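Asks: Quick one: this structure, given as structure tokens, is what I'll be asking you about.
The values are calculated or read from the model by the stated rules, or taken from the named source; none is laboratory data. Predicted model only: the values in this text are computed from it and were never measured. Remember, those area values only see protein heavy atoms, side chains included, never the ligands or the DNA or RNA. Shrake-Rupley method; radii C 1.70, N 1.55, O 1.52, S 1.80 Å.
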Amino acid sequence: MPIDISTIPIVDTHEHLVDEAFRVSRENDILAMFLRHYVTTDLANAGMSGGQIEELRDPGQPLEKRWEELEPFW
């Protein structure tokens with residue numbers, strides 16, 4: 001029998017979102033935020049080194065340059 005989700009008092013979506021206060025206290029950088037959890041493991045499994053992954057997180061580097069490094073592993 002299907003369950004009507006509106007009857008469930010709490011839904012845990014198990015998000016891996018950055019705390020809002022932390023997020024807004026820093027420059028908005030898609031790669032720095034995106035490369036925080038499972039994606040880094042996927043990139044390592046694809047052959048990217050830990051040092052390369054850390055460089056991708058550096059918002060001081062141009063986004064285009066970091067994307068060029070990321071794309072072949074994506």
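Asks: In the chain, what percent of the accessible surface is made up of carbon and sulfur (1.4 Å probe, ligands and nucleic acids excluded)?
Replies: With neighbouring chains kept in place, the figure for the chain is 56 percent.
Asks: What's the whole-number percent of alpha carbon pairs in the chain lying beyond 16 angstrom?
Replies: Working: 1578 of 2701 pairs.
Across the chain, Cα pairs with separations above 16 Å total 58 percent.
Asks: Let me ask something additional. So, for the chain, what is the accessible surface per residue at a probe of 1.4 Å, expressed in square angstrom?
Replies: On the way: 5990 Å² over 74 residues.
Ligands and nucleic acids excluded, the result is 81 Å² per residue.
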